[in-house]
Amino acid sequence: MLNDVVPPEWIVLAAGVVFTLGYLIINQVILRLMILTGTLLYIWYYAVAADVPLWEAIYTSIVMGVANVIGLCSLFWRNSPLAVPLAHRDIYPQFEGLPPGDFRELVVRARRYTLDADTDISTEGAAMPSLFYVISGAIQIEKRGERFVMPPRLFVGEVAYLSQQPSAATTRLQAGAEVLEWDVTALRARAARKSRFKLALEAMISRDLALKVAFAVAPRESNWQHDAEKIRSARA
């Protein structure tokens, strides 16, 4: 009786239209929802198109639909605030451009700690076995005999990481500074295996480099903290 109201040919046509529209959409969530809708329509068609349901096609469509749902759940999780680890929720606002899932990918591989003594975290001309992000505490930099101070909430060692060259400057943090530290070898291995992780890391470093360029013009000026806040507000 339902076939009299909705002929099978209409069902398969609707499924084809939904699939086609889905492929034209860039947004991954909407695309997957459209594909899921089309899959359900195809299952309906396979169930009513013939006197006996086309079970092989139905089972295959169900498997494809389940795989799509798993991918959809992954997308929702990556954009959900629940993906941000509890231990790092206080610093997530410093990485506003990253989806929660990408932020999680990065920070769960970092060691977070507070320095209990003045420490040189990089030495000019020496290899950088670690990449640092300074959460709090002024960054004291010495390069070719020149000394200046940079604000916190910046990376240290990112140029050496990207170029695979020795550190270009000596960087000192005072006791009480808080940092995230990544092992460079582990970072490179992870980036080689997972392109999304590599893109998330490079996105953070790119934003960081842009901020450093803004300070590079006059690093000795005493109003760098005010300038830092202005730049961060503009890019948020």
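State the number of residues belonging to region 130-157 that are free of Cβ contacts under 8 Å to residues at least 40 places away in the same chain, of a type outside the set (A, V, I, L, M, F, W, C) and surrounded by fewer than 20 Cβ atoms within 10 Å (Cβ to Cβ).
Summing the residues that are free of Cβ contacts under 8 Å to residues at least 40 places away in the same chain, of a type outside the set (A, V, I, L, M, F, W, C) and surrounded by fewer than 20 Cβ atoms within 10 Å (Cβ to Cβ) in region 130-157 gives 8.
List the number of the failed condition for residue 176; all other conditions in (1) closer than 23 Å to residue 93 by Cα; (2) open to solvent by 30 Å² or more (accessible area, probe 1.4 Å); (3) assigned to a helix (DSSP H, G or I) hold.
Unmet for residue 176, out of (1) closer than 23 Å to residue 93 by Cα; (2) open to solvent by 30 Å² or more (accessible area, probe 1.4 Å); (3) assigned to a helix (DSSP H, G or I): (3).
What's the number of the only condition in (1) over 25 Å from the mean Cα position of the chain (by Cα); (2) within 22 Å of residue 189 (Cβ to Cβ); (3) open to solvent by less than 40 Å² (accessible area, probe 1.4 Å) that residue 127 fails to meet?
Condition not satisfied by residue 127: (3).
For region 130-154, give me the residue count where each residue is of a type outside the set (Ser, Thr, Tyr) and either within 27 Å of the chain's Cα centre (by Cα) or assigned to a loop (DSSP other than H, G, I, E, B) (or both).
Number of matching residues: 14.
For residue 122, are the conditions met, namely being within 20 Å of residue 199 (Cα to Cα), open to solvent by less than 50 Å² (accessible area, probe 1.4 Å) and over 19 Å from the mean Cα position of the chain (by Cα)?
No: the conditions fail for residue 122.
May I ask you to say which residue of 164, 140 is at pLDDT below 90 and among the polar types (S, T, N, Q)?
So the residue among 164, 140 that is at pLDDT below 90 and among the polar types (S, T, N, Q) is 164.
I need a count of the residues in region 40-63 that are touching a helix residue (DSSP H, G or I) at 6+ places or on another chain (Cβ under 6 Å), surrounded by 14 or more Cβ atoms within 10 Å (Cβ to Cβ) and not hydroxyl-bearing (Ser, Thr, Tyr).
Of the residues in that region, 8 qualify.
Please specify each residue of region 50-61 satisfying the condition of being closer than 23 Å to residue 23 by Cβ and either part of a loop (DSSP other than H, G, I, E, B) or modelled with pLDDT of 95 or more (or both).
Scanning region 50-61 gives no hits.
The values are calculated or read from the model by the stated rules, or taken from the named source; none is laboratory data. None of these values were measured; they are calculated from a predicted model. Reconstructed Cβ throughout: ideal geometry from the backbone, glycine too, with neighbour counts over all protein chains shown. Just the protein is used for accessible areas: all its heavy atoms, side chains included, with ligands, DNA and RNA removed. Shrake-Rupley method; radii C 1.70, N 1.55, O 1.52, S 1.80 Å.
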